[in-house]
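Colleague: Supplied in structure tokens, the structure appears directly below.
The values are calculated or read from the model by the stated rules, or taken from the named source; none is laboratory data. As the structure is a computational prediction, the values presented were derived from the model and not from experiment. Here Cβ is always computed from backbone atoms with ideal geometry, including for glycine, and neighbour counts include all displayed protein chains.
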Amino acid sequence: MTTTTEEIRALHDRDHELCLTIPSRLTAIEPVCEQIRGLLGRRHLEDVEFAVEILARECLNNAILHGNRGLDNARVNFGMRIGKRLICLRVTDQGPGFDWRRMVRHGLPADTAVDGRGLMVASLYARRIAFNRRGNQVTLWINTAKEGR
């Protein structure tokens, strides 16, 4: 099943902010990324486009597959806010959450691990990563300048 742009509800779409609610389907990720690229382009932030898009894709993928467990009727909220020095991404799913504290205690998984690589990728591109208490929301901050991630 494909996702149409009508199914992606824009809550805000300003020159520095994007807030969307999308269906919990993998096909909804590409239209979100198109909007991310458009907003970053309008703000002349093409330098960080790769980092922002890979983080958004990874977080949305995890929210859909792991958080909402692939349930078609669930939704995912996505937010991006561009500041002077940082871009903030926030993804929230409707699932029960996960034990992110365990990951903090035990560290990132080995390079050969099957699961958990998303956090490893996020740690490479994000300046900071935070989860809500429940574990169904992740917030990432990315530097707007290429240097100094």
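Colleague: Please tell me if Asn73 is modelled with pLDDT of 85 or more, under 20 Å from Pro31 (Cα atoms) and surrounded by fewer than 16 Cβ atoms within 10 Å (Cβ to Cβ).
Modeller: On the way: modelled with pLDDT of 85 or more: yes; under 20 Å from Pro31 (Cα atoms): yes; surrounded by fewer than 16 Cβ atoms within 10 Å (Cβ to Cβ): yes.
Against the criterion (modelled with pLDDT of 85 or more, under 20 Å from Pro31 (Cα atoms) and surrounded by fewer than 16 Cβ atoms within 10 Å (Cβ to Cβ)), Asn73 qualifies.
Colleague: How many residues does the stretch 36-46 hold that are surrounded by 13 or more Cβ atoms within 10 Å (Cβ to Cβ), more than 13 Å from the chain's Cα centre (by Cα) and assigned to a helix (DSSP H, G or I)?
Modeller: Our first condition is that a residue be surrounded by 13 or more Cβ atoms within 10 Å (Cβ to Cβ); within the stretch 36-46, this holds for 36-37, 39-40, 43, 45.
This time we only want the ones that are more than 13 Å from the chain's Cα centre (by Cα), so: 37, 39-40, 43, 45.
Keeping just the survivors that are assigned to a helix (DSSP H, G or I) gives 37, 39-40.
Final tally of qualifying residues: 3.
Colleague: All but one of (1) small (Gly, Ala, Ser); (2) part of a loop (DSSP other than H, G, I, E, B); (3) modelled with pLDDT under 90 hold for Gly95; state the number of the condition that does not hold.
Modeller: Among (1) small (Gly, Ala, Ser); (2) part of a loop (DSSP other than H, G, I, E, B); (3) modelled with pLDDT under 90, the lone unmet condition for Gly95 is (3).
Colleague: Only one residue in Ala122, Ala63 is at pLDDT below 95, among the hydrophobic types (A, V, I, L, M, F, W, C) and buried (at least 18 other Cβ atoms within 10 Å of the Cβ). Which one? Spell out how you get there, then give the answer.
Modeller: Details: Ala63 fails: at pLDDT below 95.
It is Ala122.
Colleague: So, of the residues in the stretch 47-59 that are of a type in the set (A, V, I, L, M) and more than 17 Å from Trp100 (Cβ to Cβ), which turns out to be surrounded by the fewest Cβ atoms within 10 Å (Cβ to Cβ)? So that I can check it myself, show each step before the final result.
Modeller: Taking the stretch 47-59 first, the residues of a type in the set (A, V, I, L, M) are 48, 51-52, 54-56.
Right, trim to more than 17 Å from Trp100 (Cβ to Cβ) and you get 48, 51-52, 54, 56.
Values: Val48: 20, Ala51: 19, Val52: 24, Ile54: 16, Ala56: 22.
Per the criteria, the residue is Ile54.
Colleague: Still on this structure: Identify the single condition in (1) within 17 Å of Leu140 (Cα to Cα); (2) without any contact (Cβ under 8 Å) to a residue 60 or more places away in the chain; (3) hydroxyl-bearing (Ser, Thr, Tyr) that Tyr125 does not satisfy, given that it satisfies every other one.
Modeller: Result: Tyr125 passes all but (2).
Colleague: Which pairs do you get when a residue that is among the basic types (Lys, Arg), found in the stretch 15-33, comes within reach of a residue that is outside any strand (DSSP E or B), reach meaning Cβ atoms under 9 angstrom, with the pair 6+ apart or on two chains?
Modeller: The qualifying pairs are Arg25/Met1; Arg25/Thr2; Arg25/Thr3; Arg25/Glu7; Arg25/Ile64; Arg25/Gly70; Arg25/Asp72.
Colleague: Residues to consider are Arg9, Arg25; find the one that is surrounded by fewer than 19 Cβ atoms within 10 Å (Cβ to Cβ), more than 22 Å from Met120 (Cα to Cα) and either at pLDDT 95 or above or touching an Asp or Glu at 6+ places or on another chain (Cβ under 8 Å) (or both).
Modeller: Arg25
Colleague: Conditions first: (1) surrounded by fewer than 16 Cβ atoms within 10 Å (Cβ to Cβ); (2) among the aliphatic types (A, V, I, L, M); (3) touching a strand residue (DSSP E or B) at 6+ places or on another chain (Cβ under 7 Å). Ile129 passes all but one, so which condition is the exception?
Modeller: For Ile129, the exception is condition (1).
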